[in-house]
Amino acid sequence: MLVLLAAANASAQFNASVQGSVTDPAGAVVPGATVTLTNPETGKSQQVTSSDEGFYRFSQLAPGTYTLSAEKEGFKKQLLESVAVTAEQTQGVDLILTTGEVSETVTVTDTAQGLETESGNIRGVITTEEVRQLPQVGRNPYELARTAPGVFGDTARGGAGNSAQFIPGVEQVGGGSNTGVFQTENQTQITANGQRVSSNNYQIDGVSVNSLGLGGAAVVTPNQESVKEVAIVTSSYSAEDGRNTGAQVKVVSQNGTNEFHGSAVVNYASPKLNSFNKYFGPTTGLASTPALLNCQRGVRVFASRCPEIVNQYERKFAGSIGGPVYLPRFGEGGPAYFSGKNRLFFFFSTEALRRSNSRVSNIFIETPEFRDYVQRVRPGSFAAQLFNNSATAPRVLGTGLPSGGPAGPNRAVTGQAGLSFDIGSLNVPRSQNVTTTTFDGIPDVTLASVAVPDSTRGNQYNTRFDFNHGTSDQFAVSTYFTKLSNFAGAGNGRPFEDLTFEPFNSAATFTYLRTISSTVLNEARFNFTRFNANEIDALGVGDLSIPRLQVQGFGLGFTFGDPPSFGIGRGTPNDRTQNTYELRDTVTLVRGNQAIKIGGEARFEQNNNNEISGARPEFVFTSLLNFANDRVFFQNIDVDPRTGGAANGQRYFRSNTYGLFVQDDFKFRPNLTLNLGVRYEYQSPLTEKEGRLNNYQYGPNGVVDGRVVAVDRLYDPDRNNFAPRLGFAYSPNFGESFGGLLNENRAVFRGGFGISYDRIFQNQLANVRGNPPFFARVGLFNPSETDNGPILYSFALPGGNPFLYPLNPNLQRGIDPQTGGVVDPNPATLPGGFIRRNIPVEINGVPQELPNAYVYSYSLELQYQLTSKTVASIGYQGSVGHKLIRTININRLSPGDTFDNNFDLVQTRDANGNPVTPRLTGNLNFGGPSVNGILFALPDVNSNYNALLLRLTRDYARNFRIEGNYRFSKSIDTSSYGRGAQQTEPSNQSLERGPSDFDIKHNLVISGLYRVPLFNDGKGALGAILGGFELNGIFSYHSGFPFTPIVFGDVSNDLNGDGHRPDRPTQYFGGVIQNPSNEDFINGIFPGGGTRYFNITSRGPAGIGRNSFRGPNYRSIDFSIVKQTRLPFLRLGEQANLDLRANLF
């Protein structure tokens, strides 16, 4: 339900503008004409005088509809009554004065303004009505960015939780839009102009709201009620635009006006309204055996898999109110209150989310008898302590093995949980390895259905105040505060593993606009953005005192299912705080027929994250019986290797960004505008406030003898980032030539060329916090059969600190002064006499020279006015990227190590198994089978993108608005993300060159709004019942994503010899199913198994290209049905109405 009380626009601090030429009918310029721009809803007017070249310009305009007039002695006054101004864009409007008396007026009531005649940018605008009316999952306006030209994004979702799906080529280290406007770091899955998702830039009211850690993510997602318009620029030739090379997403917020206006929204979603998907599992192959399955809602199907349904109960509440500020006056005489009309305005909006979800997980768990048995037989063990805690027992809905249950030893017994398995008994002393099975008739494990509850609560508050002090000074303050509380039940149903996540995001902006003269404006902005999530406080130490206890199996001979494990995972908890301060100032000067902007900006970024979660150890047990016997097989933990105590994950990373620009929008001729600009950007190297910063530096022989060293800054400054921009817009006027097709205001040729630089987002760099000497990710192996060897098994010590454990002397190794690594008390001698001095640990680093990636962007487009309401365009868009980042283990850059089936970073054989002189392939001290090696951010990726763009826009005519965008494109690179899955052939970039992971050949998006033309006036009983219907929707279609077949297996005998899996096959025999359907892809496009199509045994480099195969096509329809009923009896204004809406996704 949506109630709108009124709607209006007002002038405030915005960045749109109107400019043009004043001429006579013969085309001669008219200098000295008085040009007036008026907002009809507020009555506020601005006046300028046309220059000697006949040029005029109005800047800092809010989106909306204005009246525009021009007059001069000896000419009739011209009045345009409907001049549409869109967000963050310069609208070109030329005025023609005819001779006559100034008292005479020529009025134009319907002005066609579909052509973009003032810039070469490729861009799209999402209007207020589209934000409010088009369907969006989570009421997230950023999801509509996919409707803009040059943008790809399908907003696919899946699973019972309706979770957002990452498009291929995304780091997947955060983001996603699972909670709509409450998402902590909202990484909307869109790519623009061939750029990565992490290269998108988000602004609200002209200032950054980006996450400084996660690229292409916004820490503030504005609610629908607070959004006036959204502009998405995919090719920018304005020097004002910087920071990133992808889409520039610019939100303009709502503001108060001279009239009160507001809204109230109630949104309801229930699983009862949802339908099942159509995926019933494979129909061919090993996994396709059908069975009679009991599924959600009591549905029974004969298939290989239950279909899924979105199983969420959700309520959303939203509202807004805005208008002039009225304040009481104190004292005698005069009005009793102060009226803010034309001077002081306010706007407030809010949105709340209440969501609950419950799902069922079918897993193997321990039985009550087993828990009692462990406490009785091992009363002092840690397993007994765990089982003595009632919160460690799962939320059981039902238990018992099915008839003829899972394959296993014939020891099924009946107990409290029904039919269960006896897995044996503890037949050796505590801490010894259980190596034989002695059955005792006790039911130990069973299959259970456990409840997994989830709930989410979110609240967002937005405020804005605008103050006009006279005619020269305008001030604005706006804020967003977003609070989320997300409860995620543990997947195994154990309450003590439930997670609570309570981030708090905020942004505040102050703007001051000073009109120095009719031709000089100055705009200053200050912004603060913050993201904070203290997971430690949210969880509570009671849940964290138990370490992660990973169980690998049930016991000897048991191969069914996954055994129960215990404890919150080691990725939680952390304490994350990120602050961004931004200052921006822009001076606009109008000189003759030029509008010149000179400006600068500075951002100060603070990443104060405390990534301490790994200081909670993980203990690994080979079986459930060994877990019960306190016998540990392996331990993972983050430590300070100098002391053996918990690692200090607190870092205070600092990085600043500075930009300067000059932009000249030059009206060279009345029908030709040139956009000339140059921008300079500088991102300072990453530093750490407390001096705790280390990097890996190459040695005299490169990687093999490099070392970890302390540094003041992570890499050298890159100070040569100059970015020239050139755009143009040319509107030909050939009169009646060419059949009048190119006469005045029928067509415009637009295009440009520009260079832009991409900010290095901190998640690509911040893992250097894990380098010695302050931090080391250590693993301890227990070779003993009779005790825990070097491992000191324990729960957290009493006192409330979940990271405080007994000090293990075996973790106090010290630092090797020669390598900077962790000392190994027992150095190993390897083939060739090479000596491994250190315990292999993961190292993160960057080269000394780490420049910002830069992109050449270019485009050429023809826009054509088919009718007064319809514009078509055809264009080309392209880009070339250089020095993009890939993160790889640089120990893999010289493959050959594992051709001898031994991963030790020493090559002794070639790919054919012939002996060779032993040589080092990497750094022995920082690499091995159990570690990631030396993860380095290398700026050596190039990209190339070319696209044909077709666009058709039909503005409201006969109650119908539609926009369609089609893109035929090709994107090529050698790596599609900065940090993520490793390349299969990192040592040879030519083998990695192929279609980008997000490359899509065909992409079509059609969006439309349709007001059903029946009883539109809403009057009378029939009007109230049958009138006011709207049908709105978005249709998306795209061809399949590319993918690469890969081969898994033991890293010690990988195919290309670099000690890494997966690999690509060394040969392709042919026969794949081409152009697969969804069913083909589900069943497998390699029927009969991959070995029929690929050589996966021969050693050597990849024999198939990266991303050489394609998946199925994708299509979706999001649809809204709206019934609008006017509510005049509420006396809230003529535009008060009730909206009833049904959204279908």
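Observations, loosely collected:
- Test: residue in segment 1094-1113 that is basic (Lys, Arg) and out of contact with any Phe, Trp or Tyr (no Cβ under 9 Å at 6 or more places or on another chain): yes
- Residue check for Leu583: in a strand (DSSP E or B) and touching an Asp or Glu at 6+ places or on another chain (Cβ under 7 Å): yes
- Taken over segment 1047-1073, the criterion of being more than 10 Å from Ala1102 (Cα to Cα) and either among the hydrophobic types (A, V, I, L, M, F, W, C) or without any contact (Cβ under 8 Å) to a residue 24 or more places away in the chain (or both) is satisfied by Val1047, Phe1048, Gly1049, Asp1050, Val1051, Arg1061, Phe1069, Gly1070, Gly1071, Val1072, Ile1073.
- Residue match in segment 1064-1079 (condition: crowded, with 20+ Cβ neighbours inside 10 Å, aromatic (Phe, Trp, Tyr) and in a loop (DSSP other than H, G, I, E, B)): no
- Where Gln982 falls short, out of the listed (1) in a strand (DSSP E or B); (2) modelled with pLDDT under 90: (1)
- Long-range neighbours under 8 Å by Cβ, at least six apart or interchain, first residue more than 22 Å from Val413 (Cβ to Cβ) within segment 368-390, second in a helix (DSSP H, G or I): Ser381/Val374; Ser381/Ala628; Ala384/Val374; Ala384/Gln375; Leu386/Thr392; Asn388/Gln375; Asn389/Phe496
- All of Gly928, Gly922, Gly994 fail the test of being of a type in the set (Gly, Ala, Ser), out of contact with any strand residue (DSSP E or B) (no Cβ under 8 Å at 6 or more places or on another chain) and touching a residue at least 24 places away in the same chain (Cβ under 8 Å), apart from Gly928.
- Apart from one condition, Glu497 fits all of (1) without any contact (Cβ under 8 Å) to a residue 60 or more places away in the chain; (2) farther than 19 Å from Gly256 by Cβ; (3) charged (D, E, K, R); the exception is (1).
- Close pairs from segment 536-559: first closer than 14 Å to Pro798 by Cα, partner at pLDDT below 85, Cβ under 7 Å, at least 6 apart: Val541/Gly800
- One residue stands out among those in segment 598-653 that are among the hydroxyl-bearing types (Ser, Thr, Tyr) and under 30 Å from Ser684 (Cβ atoms): the one that is surrounded by the most Cβ atoms within 10 Å (Cβ to Cβ), which is Ser613.
- For beta carbons closer than 8 Å, sequence separation of 6+ or different chains, a first residue in segment 605-621 that is modelled with pLDDT of 95 or more and a second that is part of a helix (DSSP H, G or I) and crowded, with 22+ Cβ neighbours inside 10 Å, the qualifying pairs are Phe621/Phe627.
- Out of Thr515, Thr471, Thr500, one residue alone is surrounded by fewer than 21 Cβ atoms within 10 Å (Cβ to Cβ) and outside any strand (DSSP E or B). It is Thr471.
- Hits in segment 311-354 (condition: modelled with pLDDT under 90 and within 30 Å of Thr392 (Cα to Cα)): Asn311, Gln312, Tyr313, Glu314
- Conditions (1) more than 24 Å from Gln983 (Cβ to Cβ); (2) touching a Gly at 6+ places or on another chain (Cβ under 6 Å); number of the one not met by Leu866: (2)
- Of the residues in segment 76-93, at least one is in a loop (DSSP other than H, G, I, E, B), farther than 30 Å from Asn121 by Cα and without any contact (Cβ under 8 Å) to a residue 40 or more places away in the chain.
- Looking across segment 411-424 at every residue that is in a loop (DSSP other than H, G, I, E, B) and surrounded by fewer than 21 Cβ atoms within 10 Å (Cβ to Cβ), the one that is modelled with the lowest pLDDT is identified as Arg411.
- Here Phe668, Phe619, Phe627 are screened, and the one residue that is farther than 23 Å from Pro825 by Cβ and assigned to a strand (DSSP E or B) is Phe668.
The values are calculated or read from the model by the stated rules, or taken from the named source; none is laboratory data. This structure is a prediction, so every number in the text was calculated from the model and none was measured. Ideal geometry is used to build each Cβ from the backbone, glycine not excepted, and the neighbour counts take in all protein chains shown.
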